[in-house]
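Working notes for the structure below.
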Amino acid sequence: MSLKRAIGLLIALVITAGPSGIFITFADGKTKVDEDTHVTNTREKEVTDNVPLFPALKDGKYGFIDIRGQFVIPPSFTNAGNFSEGLAAVLVGGEAHLERSSDGSPYITSEGGKWGYIDRTGAMAIPPQFGSAMPFSEGLALVTLASDPNAPSLDEYLAKARPLNPSYSDAEITEYWEKTYSREQPAGYIDTHGIFKIIPQYDKTFSSSFRNGMAQARLLADWPDSNASEDEWKDFGSLTKAFWMEIGGNPIDEAKALSRVKVNRIVFEQQNAMNIHGKTYEVDQYGLKDAQGRLVVKAQYDSIGEFYRGGDEKAYSVVEACIVTQWKIFRGHPFGVSRRCGLIDSNGIRIAPLQFDGIRVRHYEDMAIFTVGCKRRELSSHCELNTGRKGVFSIKERKIIVNPQYEEIHVQREGLIAAKQDGKWGFINNTGKVVIPLQYSDASYFQNGLAQVGLADYIAKTGQYVYKGSLGQLIFKPKALPTPSPNVKEDATASLTGSGFIVSRQGQILTNYHIVKGCSTIRTVIEGRKQSVTVVGADVANDLALLQLPSRVSTAARFREGRTIRAGDSVVVVGFPLRGLLASEATVSTGIVNALAGIGNDTRFLQISAPIQPGNSGGPLFDHAGQIVGVVVSKLDALRVAKATGDIPQNISFAINGTVAKAFLDANGVEYETGMSTRKMEPAEIGALAKQSTLPIECFH
C-alpha cells in the first residue's frame with residue numbers, strides 16, 4: 001500500500017462519541033464500539049489557565065498546589081502533568097517508585113494504570129483510559145491507546161526472543177519477532193471532551209503537538225514478513241516517514257507547512273567528494289534551500305539544525321551548524337572524529353564562530369548553550385552525554401555571556417538559568433553570577449514564579465522554599481527477584497544456563513538479566529562447590545543483573561581504566577557455552593571489536609567478532625591486558641538477517657559496553673576495581689586469569 005493510499009484511508013475514518021464509549025465509524029458505514037472507554041464528560045463552560053497550578057507530591061501521591069504552596073487539588077494520583085488549556089493529564093492506578101539515573105541521582109517514575117484528564121476543580125473531565133497522555137495544544141492532545149492486557153510484556157518478549165536462549169530455535173525466535181510481539185500502542189489526537197478527532201494510527205515517539213494548526217506525525221506500520229517484495233519494503237519506508245498534517249488529519253506539503261511558521265529554509269543533504277588523507281571519498285554534507293527549492297547555502301556542513309523543531313514547537317531564525325575538522329579511515333570508510341560548531345542564520349551568515357564542540361539554541365530566550373572540552377566516542381565526532389563544560393552564548397549580543405564552567409545548564413526562564421557544578425544545582429543570571437546557591441540534587445527552570453528542586457520541592461526566586469514534598473511510601477524500585485531456595489536436587493537440570501563474573505571482593509557477580517528473570521533458584525559453582533546466589537540489583541533495559549554470593553571472595557575481575565577501547569582492538573571472551581554438552585570448565589575465544597555500536601547504531605553495545613554460543617551470555621569481555629571492557633549479551637540472529645539480506649552473517653556478536661556496566665554498578669554501590677591496560681597479554685594468560693572470577697550461572701524455575 002502506498003503512503004498516499006494509506007493516508008487517504010485514515011482520512012476516510014470518521015470518529016464520533018456516544019454516552020458509553022467511543023464509536024469509530026469507518027468509510028463503509030460499519031461502526032465499532034470500544035466498550036473499554038467510558039467518555040462521559042459533558043462540560044459546557046470553557047475553563048482557563050489564569051491561575052497557575054503546579055503538580056506536587058505529598059505522601060507519594062500527586063495533587064496540585066498554587067503559587068503559595070497550598071493544595072488546590074488534593075493529592076490522589078500516581079503521576080500528573082501540567083495544566084494546559086484548562087486540563088491536566090493524571091495517572092490513575094499503577095504504581096510509582098524511585099529510580100537512579102546513570103550518575104546515581106534519584107528520580108520518580110511510574111508504571112501501569114491509565115491516564116485521563118482533570119479540570120481545574122479536580123473533577124475528572126476525561127476518564128482514565130489511555131496508555132499515555134500529553135498536554136493539550138490548540139484544542140487537541142496526543143494520547144496512546146491503553147496497552148493490551150493480553151500482549152506480552154517487554155520482559156517476556158526478551159526472555160523468549162533472546163538468541164542465546166537454548167530453549168528456542170532461530171526459526172521460532174524469528175517467527176515470534178515478526179508475528180507475535182507488538183507492544184507499541186498507536187497514538188492519536190483527542191479534543192477536550194475526550195473524543196478522538198484524529199484516529200490513533202501514529203507513532204507517539206515521532207508525533208508532535210499542534211502549533212499553527214499543524215503537527216508532525218509518523219504512521220505505525222507492521223514490518224514486512226520475510227518474503228516481502230522490494231515494493232512492499234518501499235511502501236513500508238514511505239509509511240514510516242514523518243510527515244506534516246493539519247488539524248483534520250490531512251497531510252500538508254513540507255514547504256507549505258514551514259511557511260505557516262515563517263520558516264523559508266529547508267535543510268537538504270548531498271554527497272560530496274572530499275579529499276581525506278590523500279584519497280577521495282563521498283561524504284554526506286548539508287546545505288540550505290528556500291521553499292521553491294533554490295540553493296541558498298551549498299552543502300558544506302557536517303550537520304545543520306532544523307529551523308522548526310516539533311519538540312520545541314517553535315520556529316528558529318538561527319540554528320546550529322558544524323563541520324568535521326579531523327577524519328579517520330577505518331576499513332575503507334571515513335569517520336569524522338572531531339568537529340567544530342557555531343551558529344548560522346537562514347541566509348548562512350555565521351552568528352557564532354565555529355569554535356565549540358557543540359552548541360544548542362534555546363527557544364525560551366535569545367541564547368544558546370555551548371560545550372567545550374567534551375569527550376568523544378571512538379570514530380565519532382559527537383560529544384558523549386554530560387561531558388565537557390557548558391557556557392552561554394548570547395545570539396543578540398553575539399558573544400559569550402557565561403563562561404564555560406558548568407557541568408549542565410538548563411534554559412533561561414524568567415531571568416534565571418539553572419546550572420550544575422560539582423554535582424549540585426542552583427541558579428545563575430545571564431552574567432554567570434550565582435543568584436541561588438548551588439545546593440540541590442536537581443532543578444527545573446522557573447515557570448510562573450516557581451522552580452522545582454530536588455525530588456519534590458518548590459522554591460521561589462528568593463531561594464525560599466514554597467513547598468516541600470514528601471515521598472511517603474515511595475521507595476527505590478525493588479531490584480531483587482524472589483529469593484532463591486537452596487533446596488534444589490543435586491541431579492536437577494537448569495532450565496537456563498549462562499555465565500557471570502565476580503566484580504567485587506564482597507562477593508557480587510555481574511550477569512545478564514534475561515538469564516535470571518523469573519528464576520526460583522539461581523546457582524553457581526565456585527571453587528568446586530555449588531552455591532545459591534541472590535539477585536540484589538537489576539537493569540531490565542540494559543539486560544544487566546547483580547547477584548550476591550553468601551560470602552566474600554579473594555579475587556575479582558577489574559574494569560579497564562583510561563582510554564576507551566577502539567574498533568579493531570583485540571578482545572577475549574570467557575564463559576560456559578553449551579554447559580552439559582561441551583567441557584564443564586570455562587572456554588576461551590578471541591576476536592576483535594568490529595564496531596563501537598550495535599544494531600541501529602546503539603552505542604550501549606560493542607560489536608565483536610569473537611564466536612559465542614548459548615551459555616556465553618553474561619560472561620566477561622576482556623581487552624588485551626585482561627581488563628573488563630564489556631558483558632557478552634547475544635549473537636546476531638543469523639536466520640533473520642539471512643532472510644532479509646540473502647546472506648548468512650559470520651561471527652557477529654555483541655557485548656554491553658563496559659561504561660554501561662560500570663554505571664549500573666555505580667548505581668548499586670558496588671566497589672569494583674579498575675586497572676590501566678598497559679601490558680599486552682597472550683589470550684592463554686587472560687583465560688587463565690579470567691577463570692578465577694568467571695562463573696557458570698544456572699537458573700531453576
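Numbers for the structure displayed
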{"item": "Selected residue (criterion: modelled with the highest pLDDT) from residues of the stretch 565-583 that are surrounded by fewer than 18 Cβ atoms within 10 Å (Cβ to Cβ) and part of a loop (DSSP other than H, G, I, E, B)", "result": "ASP569"}
{"item": "Tally of residues being of a type outside the set (Gly, Ala, Ser), more than 19 Å from PRO200 (Cα to Cα) and modelled with pLDDT of 75 or more across the stretch 233-255", "result": "3"}
{"item": "Those residues of the stretch 269-303 which are aromatic (Phe, Trp, Tyr) and surrounded by fewer than 17 Cβ atoms within 10 Å (Cβ to Cβ), in sequence order", "result": "TYR281"}
{"item": "Members of the stretch 389-421 that are within 25 Å of the chain's Cα centre (by Cα) and either of a type in the set (Phe, Trp, Tyr) or surrounded by fewer than 20 Cβ atoms within 10 Å (Cβ to Cβ) (or both)", "result": "ARG389, TYR406, GLU407, GLU408, VAL411, GLN421"}
{"item": "Within the stretch 112-130, tally of residues that are under 11 Å from PHE77 (Cα atoms) and of a type in the set (D, E, K, R)", "result": "1"}
{"item": "Every residue from the stretch 509-532 that is within 14 Å of GLY498 (Cα to Cα) and either at pLDDT 90 or above or assigned to a loop (DSSP other than H, G, I, E, B) (or both)", "result": "ILE509, LEU510, THR511, ASN512, LYS517, CYS519"}
{"item": "Pick from the stretch 444-486, criterion of a type in the set (Phe, Trp, Tyr) and at pLDDT 95 or above, ranking: farthest from ASN82 (Cα to Cα)", "result": "TYR465"}
{"item": "Test: THR431 is hydroxyl-bearing (Ser, Thr, Tyr), within 23 Å of ALA368 (Cα to Cα) and under 23 Å from the mean Cα position of the chain (by Cα)", "result": "no"}
{"item": "The stretch 546-562, residues that are in a strand (DSSP E or B) and touching a residue at least 60 places away in the same chain (Cβ under 8 Å)", "result": "LEU546, LEU547, ARG558, PHE559, ARG560, GLU561"}
{"item": "Residue match in the stretch 209-230 (condition: of a type in the set (Ser, Thr, Tyr), outside the structural domain of TYR308 (by TED's automatic domain parsing) and at pLDDT 85 or above)", "result": "yes"}
{"item": "Test result for GLU306, in a strand (DSSP E or B), in the same structural domain as ASP345 (by TED's automatic domain parsing) and under 28 Å from the mean Cα position of the chain (by Cα)", "result": "no"}
{"item": "Boolean, GLY112 is within 18 Å of ILE198 (Cβ to Cβ) and exposed (fewer than 15 other Cβ atoms within 10 Å of the Cβ)", "result": "no"}
{"item": "Output for the stretch 365-390, where each listed residue is assigned to a loop (DSSP other than H, G, I, E, B), under 21 Å from ILE304 (Cβ atoms) and of a type in the set (D, E, K, R)", "result": "ASP366"}
{"item": "Scope the stretch 422-453; condition aliphatic (A, V, I, L, M) and either assigned by TED's automatic domain parsing to the domain that holds GLU384 or crowded, with 17+ Cβ neighbours inside 10 Å (or both); matching residues", "result": "ILE428, ILE436, LEU438, ALA443, LEU450, ALA451, VAL453"}
{"item": "Residue check, TYR181 within 26 Å of the chain's Cα centre (by Cα), modelled with pLDDT of 80 or more and in the same structural domain as GLY131 (by TED's automatic domain parsing)", "result": "no"}
{"item": "Filter result for ALA89 (in contact (Cβ under 8 Å) with a residue 40 or more places away in the chain, of a type in the set (A, V, I, L, M), more than 22 Å from GLY449 (Cβ to Cβ) and in the same structural domain as TRP115 (by TED's automatic domain parsing))", "result": "yes"}
{"item": "Residue check, GLY213 in contact (Cβ under 8 Å) with a residue 12 or more places away in the chain, within 17 Å of ALA315 (Cα to Cα) and not aliphatic (A, V, I, L, M)", "result": "yes"}
{"item": "Positions within the stretch 322-364 being part of a strand (DSSP E or B), farther than 22 Å from ALA273 by Cβ and among the hydrophobic types (A, V, I, L, M, F, W, C), in sequence order", "result": "CYS341, LEU343, ILE344, ILE351, ALA352, PHE356, ILE359, VAL361"}
{"item": "The listed residue being modelled with pLDDT under 80 and among the polar types (S, T, N, Q), out of SER617, SER634, SER609", "result": "SER634"}
{"item": "Any hit, the stretch 423-443, residues being closer than 22 Å to PHE83 by Cβ and part of a strand (DSSP E or B)", "result": "yes"}
{"item": "Residue among PRO52, PRO135 that is surrounded by fewer than 19 Cβ atoms within 10 Å (Cβ to Cβ), over 28 Å from the mean Cα position of the chain (by Cα) and not in a strand (DSSP E or B)", "result": "PRO52"}
{"item": "So ILE686, is it modelled with pLDDT of 80 or more and either assigned to a strand (DSSP E or B) or not assigned by TED's automatic domain parsing to the domain that holds GLU527 (or both)", "result": "no"}
{"item": "Complete set of residues in the stretch 194-212 that are surrounded by fewer than 21 Cβ atoms within 10 Å (Cβ to Cβ), in contact with a Lys or Arg (Cβ under 7 Å, 6 or more places away or on another chain) and of a type outside the set (D, E, K, R)", "result": "PHE206, ASN212"}
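The values are calculated or read from the model by the stated rules, or taken from the named source; none is laboratory data. Keep in mind it's a predicted model, so treat the numbers as computed, not measured. Quick reminder, even Gly has a Cβ in these numbers, built from the backbone with ideal geometry, and neighbours come from all protein chains shown.
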